[in-house]
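Below is one structure, written out as structure tokens; the observations come after it.
The values are calculated or read from the model by the stated rules, or taken from the named source; none is laboratory data. None of the values given here were measured: they were computed from a predicted structure. Here the Cβ positions follow ideal geometry from the backbone for every residue, glycine too, while neighbour counts run over all protein chains shown. Please note that ligands, DNA and RNA were not included when accessible areas were found on the heavy atoms of the full protein model with its side chains. Shrake-Rupley method; radii C 1.70, N 1.55, O 1.52, S 1.80 Å.
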Amino acid sequence: MKTTWRTASLVATAASVLALTTACGQDNATTPSSAAQNVGATAPAGGVGAAGTGTGTGAGNGYGADGQQSSASPSPAEPAGKLSVASNPDLGKVLTDGAGLTLYRFDTDTANPPKSNCDGDCATTWPPVPADDAEAGAGIDKALLGEVTRSDGTKQLTIAGWPAYRYAKDVNAGDVNGQGVGGKWFALAPDGKKATLSDLPGLSVRKDAKLGDIVVDKNGMTVYRFIKDKAWPKSVSNCTGACLEKWPAVAEVDAGDTKGVEKKGLMGFTRSDNGQKQMTVDCWPIYTFSGDKAPGDTNGQGVGGTWYAVSPAGKLVGAPSK
């Protein structure tokens, strides 16, 4: 991946940070992007925005079938065909079957030894991929392809030991609607690991199907704002103690280590409660949510009527107008 956003000159970055800092009325000290990480408090959990109260993609039963178990019988399994490697803008390299449909793995399964724990209704929503005719395409190590005998006696394809599935809601080639469902289902990378973009900048922008363009951190996790915070005349976080346990502050990110986020007010400030550096967008403090378990989750959206995803300009996304 080309990372041209990382190659801005130090002089230009320093100048822009100084200008942005002055606009928010803060000091202009910066922290290298390599030191950026979420800063969590050690206060006991509780208080603002309990996990699981948002509106994310995870279904209650973990199957991703709109929270309801299906009583229908599984459809005849489609052959795997020649496996391929597809590029996804949010997940990087993703394994697909011969028809271009994304393959997934289930955290409840095991790879050593291989074992599937998805049967019955689960297997209706997540059809197991047959092992019979699976063939390794370009970029796939054929030695990683294997099989496991399911409880019904059929042979299921495994990738590095992990049983492989399709998702019933993926209709078109390239769909990744199953990513992160229930916090247990993830697209397969060609090596059998969970597909992920490990080289995201400190802050970037992703297009969410419901919310549109929103800011994400270096791990692809959704970034949020707290409406009780302040941006002017200086940045102030009003999320402390137990609140910070559930909404970890995003640590300061070098302005040159961002992509797609507006530079105005893009800076760090020093928190008054613990002295940690926290990042801001348009001078507003930003956070992640402990209830988001995978990239693409937006479980924090609208929690308590006070937490909302952040647009590239630093605006609240989806907040009701006053």
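Identify all aspartates and glutamates with a Cα-Cα distance to Lys230 below 16 Å; exclude those on the same chain that are fewer than 8 residues away in sequence.
Excluding near neighbours in sequence, the set is Asp273, Asp282.
What shape does segment 219-322 have by the C-alpha gyration tensor, where a ≥ b ≥ c are the square roots of the eigenvalues, rounded means a/c under 1.5, and otherwise prolate means a/b greater than b/c and oblate the rest?
rounded
If Met279, Met221 are ordered by their accessible area, calculated over protein heavy atoms with a 1.4 Å probe, which sequence runs from highest to lowest?
Met221, Met279
Gain in length, Ala319 to Asn117, computed as 0.36 nm per residue apart minus the alpha-carbon separation, to one decimal in nm?
68.8 nm
Would you kindly state how much longer the chain becomes between Asn219 and Ala99 on full extension, computed as 0.36 nm times their sequence separation minus their alpha carbon distance, in nm to one decimal?
This chain segment gains 40.3 nm when fully extended.
Rank these by accessible area, largest first, 1.4 Å probe: Ser272, Ser204.
From most accessible down to least: Ser272, Ser204.
How far is it, in nm, from the label point at Thr270 to the one at Ser151 when both lie 7 Å from their Cα along the line to the Cβ?
It is 5.9 nm.
If a paramagnetic tag sat 7 Å from the Cα of Ala209 along the Cα-Cβ line, which residues of segment 83-102 would have the backbone N under 20 Å from that point?
Output list for this probe position: 86-97, 99-102.
Here are some pairs, Lys93/Lys263; Lys142/Lys293; Lys210/Lys315; Lys210/Lys234; which of them have Cα atoms lying more than 25 Å apart in this structure?
Lys93/Lys263; Lys142/Lys293; Lys210/Lys234
Between Ala242 and Thr110, what length comes free when the chain is fully extended (0.36 nm per residue of separation minus the Cα-Cα distance, one decimal in nm)?
That works out to 44.0 nm of additional length.
At 1.4 Å probe size, with no ligands or nucleic acids counted, give the accessible surface of Asp273 in Å², nearest ten.
80
Heavy-atom accessible area of Lys184 with all protein chains present, probe 1.4 Å, nearest 10 Å²?
Around 90 Å² of this residue is reachable by solvent.
When all C-alpha to C-alpha distances in segment 157-202 are sorted into bins of 5 Å, what percent of pairs does each bin hold, rounded to whole numbers?
With 5 Å bins starting at 0, P(r) equals 5, 19, 27, 25, 17, 6, 2, 0.
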